[in-house]
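First up is the structure itself, then whatever we jot down about it.
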Amino acid sequence: KPISKEKFLQHFWWCYGKAQKCFEEEGRSPPGYFKFLTLLAFRIFLAEKVDVLILEVGLGGRLDPTNVIGRPAVCGISSLGYDHTQFLGNTLTEIAREKAGIFKKGVPCYTVPQDPEAMASLAACADWMGEEFKLKLIQPLDSFRTLDNAQARVGLAGDHQRENAALAVALCRTWALRTSPSSDRVTVREAQLDEGVLPAEYAAALVETTWPGRGQELQAGPGLRFFLDGAHTVESLAACARWYGSAGAGTVLEAPPSAAGEPTAAPTTRVLVFNCTEDRDPEALLSCLARHLRELRIHFHHAIFVSGVAAIGLLADKMGLWVGEIDLWTGKMARQACKMARQSCKTALQPVPPQDPQNTAWQQRLQSIWDGGQTHQADALSTQLSSPVFGEGRSRVAPSSENAVQMLRLFVTSAAANGPGVVEVLVTGSLQLVGGMLEALEYEM
């Protein structure tokens, strides 16, 4: 569970004060946002004496601030794609080379199956490490059975999560062997895994794992259902489309019975809520999403393009030099950090002024790309709803996540006047966007 507000504030101000003094004495600039969060995280982990630290890099691996652990118990690499190319390189060979920066001599590392180009690059980096290093391919999750001889289930939605789950099994198994090799419990579990059987604890953990903002379904009131996934690459958007297609796109919740007393299907209106950062290729992302959904015969009636700026304020005074404008790429934690800072330091936050059209120029570009395409258009049998939100059009730009949620609630209300129906909303394209929408929906972890 998340750390308590009290402990967070205690460690935040301790770390802030120590770091500020250190950098002032050395005449150096203070660390950026992510670097400071990394320092704070290590402070919390050490002070709270955590049993296990699962540390995920922020960007790449080789030069990432998290890559200061010299002897981790085990390392892992999930599926690689074209992400952060301005920092990591424009080819999978270059990107994989940066990811391989977490390799450590004498530390086992596992990878999921990769694109041949990426796998070749990882293998070359592994060879360069010498005989003390071994890169291993994970054992597929389907090769394991539960104690009652059933297929292993995963609580997270999407086929790609089964691959991630298999990586998690390999990492946990290796961690247990390297940290408690003589434990009776570890010995029993290892014997089960050797026989292709998932220990009960492993099987339960895979089922019970939740990840807000990734393959998440959320009912937000009568007739309004959200599907949220922070996919932001071509590869992950393809996976998002497959998940949305299988998670109940077009699913009918409730509708009055027919004259014959039989259940009837209430019409479903689908709305895309989208944003992506300006370093990405919006045409590629939107066309990928539309293409994969079109193959599943899924089309959107409307779209809302939302600014990535959240209405939570700017850190003032010296803190502004450290953090600047707070976004939501870290999900709820970044927003909670601001709220906690505001509670502790009454004048820390200043409200964000209302946005003018220039601040949504990027979203207007996304809108024009979407409106100019034909792949997303709703099928001919669907009914175009005129409403106070969209008028006769199909898309809108929203200056904030809060504004987008207000639009959607108003749309549901206006649509209900025309009879029963369901509004499905797919939120994707950015972790910032998903975090902002969850906060606007007042979702509690």
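Quick notes
- Some residue of region 187-207 being closer than 30 Å to A416 by Cα and touching a residue at least 40 places away in the same chain (Cβ under 8 Å): no
- Criterion: in contact with a strand residue (DSSP E or B) (Cβ under 7 Å, 6 or more places away or on another chain), outside any loop (DSSP other than H, G, I, E, B) and aliphatic (A, V, I, L, M) - qualifying residue of L147, L171, L177: L171
- Of all residues in region 110-125, those satisfying the criterion of being under 12 Å from A100 (Cα atoms) and either of a type outside the set (F, W, Y) or part of a loop (DSSP other than H, G, I, E, B) (or both) are T111, A118, M119, A120, S121, L122, A123, A124, C125.
- Where S287 falls short, out of the listed (1) at pLDDT 90 or above; (2) assigned to a loop (DSSP other than H, G, I, E, B); (3) open to solvent by 10 Å² or more (accessible area, probe 1.4 Å): (2)
- Residue list for region 158-186, restricted to those being among the polar types (S, T, N, Q) and either in contact (Cβ under 8 Å) with a residue 24 or more places away in the chain or under 26 Å from Q114 (Cα atoms) (or both): Q161, N164, T174, T179
- The residues of region 163-216 that are among the charged types (D, E, K, R), buried (at least 18 other Cβ atoms within 10 Å of the Cβ) and over 20 Å from V74 (Cβ atoms) amount to a single one, R214.
- Residue match in region 32-53 (condition: open to solvent by 40 Å² or more (accessible area, probe 1.4 Å), within 29 Å of D83 (Cβ to Cβ), touching a residue at least 60 places away in the same chain (Cβ under 8 Å) and not β-branched (V, I, T)): yes
- Some residue of region 141-158 being acidic (D, E), surrounded by fewer than 20 Cβ atoms within 10 Å (Cβ to Cβ) and under 29 Å from C240 (Cβ atoms): yes
Every residue, every condition in (1) of a type in the set (S, T, Y); (2) within 25 Å of L37 (Cα to Cα); (3) in contact (Cβ under 8 Å) with a residue 12 or more places away in the chain; (4) open to solvent by 20 Å² or more (accessible area, probe 1.4 Å), yes or no:
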| position | (1), (2), (3), (4) |
| --- | --- |
| P65 | no, yes, yes, yes |
| C75 | no, yes, yes, no |
| K99 | no, yes, yes, yes |
| T111 | yes, no, yes, no |
| A123 | no, no, yes, yes |
| D127 | no, no, no, yes |
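- Within region 220-246, residues that are hydroxyl-bearing (S, T, Y) reach no partner that is modelled with pLDDT under 95 and open to solvent by less than 10 Å² (accessible area, probe 1.4 Å) with beta carbons closer than 7 Å at six or more positions or on different chains.
- Sub-8 Å Cβ pairs linking a first residue in region 1-29 that is open to solvent by 100 Å² or more (accessible area, probe 1.4 Å) to a second residue that is modelled with pLDDT of 90 or more, at least 6 apart or interchain, are W14/R43, ordered by first then second residue.
- Evaluation of V234 against the conditions (1) modelled with pLDDT of 95 or more; (2) under 23 Å from the mean Cα position of the chain (by Cα) shows that the sole unmet condition is (1).
Residues checked against (1) in contact with a His (Cβ under 6 Å, 6 or more places away or on another chain); (2) in a strand (DSSP E or B); (3) within 11 Å of T428 (Cβ to Cβ):
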{"position": "R189", "(1), (2), (3)": "no, no, no"}
{"position": "L193", "(1), (2), (3)": "no, no, no"}
{"position": "A203", "(1), (2), (3)": "no, no, no"}
{"position": "P212", "(1), (2), (3)": "no, no, no"}
{"position": "F227", "(1), (2), (3)": "no, yes, yes"}
{"position": "H232", "(1), (2), (3)": "no, no, yes"}
{"position": "S236", "(1), (2), (3)": "no, no, yes"}
{"position": "C240", "(1), (2), (3)": "no, no, yes"}
{"position": "Y244", "(1), (2), (3)": "no, no, yes"}
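- Here T93 meets the list (1) under 20 Å from A170 (Cβ atoms); (2) outside any loop (DSSP other than H, G, I, E, B); (3) hydroxyl-bearing (S, T, Y) almost entirely, failing just condition (1).
- The set of residues in region 92-119 that are touching a helix residue (DSSP H, G or I) at 6+ places or on another chain (Cβ under 8 Å) and either among the charged types (D, E, K, R) or modelled with pLDDT under 95 (or both) comprises E94, R97, E98, K99, K105, D115, E117.
The values are calculated or read from the model by the stated rules, or taken from the named source; none is laboratory data. Just so we're clear, the structure is a prediction, and the values are computed from it rather than from any experiment. Using ideal geometry, Cβ is built from the backbone for each residue, glycine included, and neighbour counts are taken over all protein chains shown. Only protein heavy atoms, including side chains, enter the accessible area calculation; ligands, DNA and RNA are left aside. Shrake-Rupley method; radii C 1.70, N 1.55, O 1.52, S 1.80 Å.
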